[in-house]
1. Using the structure shown, decide if ARG269 is in contact with a Lys or Arg (Cβ under 7 Å, 6 or more places away or on another chain), open to solvent by 20 Å² or more (accessible area, probe 1.4 Å) and either assigned to a loop (DSSP other than H, G, I, E, B) or among the β-branched types (Val, Ile, Thr) (or both).
2. Please specify each residue of the range 54-66 satisfying the condition of being closer than 15 Å to GLU92 by Cβ and either touching a residue at least 40 places away in the same chain (Cβ under 8 Å) or charged (D, E, K, R) (or both).
3. Condition (residue is open to solvent by less than 40 Å² (accessible area, probe 1.4 Å), out of contact with any strand residue (DSSP E or B) (no Cβ under 6 Å at 6 or more places or on another chain) and free of Cβ contacts under 8 Å to residues at least 40 places away in the same chain) applied to the range 33-50: is it met by at least one residue?
4. Out of the residues in the range 167-186 that are open to solvent by 40 Å² or more (accessible area, probe 1.4 Å) and of a type in the set (D, E, K, R), state the one that is nearest to TYR272 (Cα to Cα).
5. I'd like the residue in the range 71-92 that is acidic (Asp, Glu) and either assigned to a loop (DSSP other than H, G, I, E, B) or open to solvent by less than 10 Å² (accessible area, probe 1.4 Å) (or both) and, out of all such residues, is farthest from LEU163 (Cα to Cα).
6. Read through the list (1) within 25 Å of PRO66 (Cα to Cα); (2) open to solvent by 40 Å² or more (accessible area, probe 1.4 Å); (3) not hydroxyl-bearing (Ser, Thr, Tyr), then give the number of the only condition that LEU225 fails.
7. Looking at (1) touching a residue at least 60 places away in the same chain (Cβ under 8 Å); (2) more than 12 Å from the chain's Cα centre (by Cα), which is the one condition that is false for ALA161?
8. For the range 134-186, name all the residues that are part of a strand (DSSP E or B) and either on the phi > 0 side of the Ramachandran plot or among the hydroxyl-bearing types (Ser, Thr, Tyr) (or both).
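The values are calculated or read from the model by the stated rules, or taken from the named source; none is laboratory data. The shown structure was predicted, so the numbers you read here are calculated from the model rather than taken from an experiment. Neighbour counts run over all protein chains shown; Cβ positions are idealised from the backbone, glycine included. SASA here: full protein model, heavy atoms, side chains in, ligands and nucleic acids out. Shrake-Rupley method; radii C 1.70, N 1.55, O 1.52, S 1.80 Å.
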Amino acid sequence: MTHNPEYDSLVPPPLPYDRRGFLVTALGAGFALAVQPVMAQTAITTSAEGLTAGEVSVTTADGAMPAYRAQPAQGKDFPVILVVQEIFGVHEHIKDLCRRLAKSGYLAIAPELYARQGDPRQYKEIPEILAKVVSKVPDAQVMSDLDACVAWARGNGGDTARLGITGFCWGGRITWLYAAHNPKLKAGVAWYGRLVGQASDLTPKHPLDLAGALHAPVLGLYGGLDQGIPLEGVEKMNKALAAAPNPAGKASTIHVYDNAPHAFNADYRASYRKEEAEDGWKRMQAWFKQHGV
């Protein structure tokens, strides 16, 4: 990373809990093992033509974290979108989403947020990923790493005064949390991220707890047939947002696609729903534009 004292202060200091060294130091190619076989007939592949795209190294509070970055090859001062992975890590689908955003003029960066806990791409079963990797990732670590990505983007062609975040599945929940964490965020778009849950040492709060603490408005995109995120929880979140004392909370909204399951934007999986995914992408782009990203 190029040294730039103007944004060095954005890299957070070491966190108070013990963090092991990085187990993942580079991004792999292809798709995660747990999502094989990939639905090749629907999986979208976005060309890197006209883009600067590939793996980068982001300086964090305790070491170097791999990330995927895509941005237009020409120009500078691009608005920045943080892209937060599903439980499967930064595999080909997440990289492709970054390239799609870059084609629209953004610097999109997707950090491997499980890099200290393990590589979810190597496990063949989802329960293994949850038990061996995801359950060990502290929210505070994730917030710190995303802050580090903002610092990296600011020094590498991004205009972080126009900062947005979007996340999918596990990353959808993180999107809500980051909107309550970073006062400089302009907008967020959360795709089918968990809204409620039990508090723990690593996950002390969930989106429902933070509806009144959002610094930036969030658009939630959810499936009415999502068996893991009941509509009861979505309704609770909508009520909490409507009652929120803060402008960003009141400006946030959730759109439910009645006939869509979980992961309806995951074009490489059987859960993909083309109509809802394309509509959600348009809504996301409009949301970012509306809020200055």
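1. In short, no.
2. Within the range 54-66, GLU55, PRO66 qualify.
3. No, because not a single residue in the range 33-50 is open to solvent by less than 40 Å² (accessible area, probe 1.4 Å), out of contact with any strand residue (DSSP E or B) (no Cβ under 6 Å at 6 or more places or on another chain) and free of Cβ contacts under 8 Å to residues at least 40 places away in the same chain.
4. Across the range 167-186, the extreme among qualifying residues is LYS186.
5. Filtering first and then ranking leaves GLU86.
6. (1) is the only condition that LEU225 fails.
7. ALA161 satisfies all of (1) touching a residue at least 60 places away in the same chain (Cβ under 8 Å); (2) more than 12 Å from the chain's Cα centre (by Cα) except (1).
8. THR160, THR166
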